[in-house]
Amino acid sequence: MTEMSASTLNEIKEDFATLRLIAPAYAGKDGELTAVLQYVYQSVIFGEAGKTDVARAIVKIAVEEMHHLEILATVIAKLGAPPVYTACPPYPVGYYSASCVNYNKNPRQMLCADICAEENAVMGYENILLRLKNPPVAAVVTRILEQEKEHLKTFNELLTQL
């Protein structure tokens with residue numbers, strides 16, 4: 001985390017309206033937790049198939065998604081809820097399920113699922129920004145959105161290389 005992000009995070013105060021906007025990006029069906037788990041799974045599948053370059057590229061993205069997960073957990077805590085894996089904090093309901101992960105083993109279909117996931121992430125973060133009235137959280141979301149656009153570009157490149 002950069003110094004600027006740390007200072008931005010320190011500006012965030014309790015705000016339940018913002019919490020409800022951000023939570024699905026954290027641990028919703030199409031959120032960061034799903035991306036982390038799906039990309040780690042896929043990196044192993046690609047590695048076992050001898051496609052180590054693809055596996056390395058995907059695990060690198062998984063690590064960046066883990067960082068997004070950590071950042072969003074911090075944002076959620078500062079907004080006033082414990083960062084449990086649910087799309088509905090602060091309520092202890094609707095816990096995350098690993099059934100959200102796409103467990104496909106076909107290389108082309110895996111990358112197509114990743115492209116779809118990143119397109120959904122980009123649209124999701126853009127929609128959050130349209131509705132967000134919290135400048136420090138908007139700065140964090142904007143930073144994550146830019147990285148999601150890079151992930152989308154990388155997955156498209158990986159697909160053309162298959």
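Please treat every number below as a calculation from the coordinates, not as lab data. For clarity, every value in this text was computed on a predicted model and none was experimentally measured. As a convention, Cβ positions derive from the backbone with ideal geometry for all residues, glycine included, and neighbour counts pool all protein chains shown.
The table that follows gives values for the structure above.
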{"quantity": "Cα coordinate range in the chain, projected on the principal axes (Å, largest first)", "calculated": "47, 32, 24"}
{"quantity": "Listed residue pairs exceeding 27 Å between alpha carbons, taken from K29/K60; K60/K133; K29/K133", "calculated": "K60/K133"}
{"quantity": "Computed helical MRE - 222 nm, the chain, DSSP H runs ≥ 4 contributing -39500 (n - 2.57), nearest 500", "calculated": "-25000 deg cm²/dmol"}
{"quantity": "Radius 13 Å from Cβ of C116, net charge of other residues (Lys, Arg +1; Asp, Glu -1)", "calculated": "-3"}
{"quantity": "Region 78-85 - phi-based ³J(HN,Hα) in whole Hz, Karplus 6.51/-1.76/1.60, Gly and Pro as x", "calculated": "5, 6, x, 9, x, x, 6, 7"}
{"quantity": "Rounded to whole Hz, the Karplus (6.51, -1.76, 1.60) HN-Hα couplings of region 8-15, x for glycine and proline", "calculated": "4, 4, 5, 7, 6, 10, 3, 6"}
{"quantity": "Point-to-point label distance, R56-C116, nm (Cα→Cβ direction, 7 Å offset)", "calculated": "3.0 nm"}
{"quantity": "Qualifying chymotrypsin sites (Phe, Trp or Tyr not before Pro) for region 59-109 [loop in DSSP, other Cβ within 10 Å: at most 12]", "calculated": "none"}
{"quantity": "Length-normalised contact order for the chain - Cα pairs under 8 Å, 6+ apart - percent", "calculated": "29 percent"}
{"quantity": "Between region 79-124 and region 40-62, the alpha-carbon center distance in angstrom", "calculated": "19 Å"}
{"quantity": "Trypsin sites (Lys or Arg not before Pro) lying in DSSP loop within region 1-83, provided at most 15 other Cβ fall within 10 Å", "calculated": "K13, K29"}
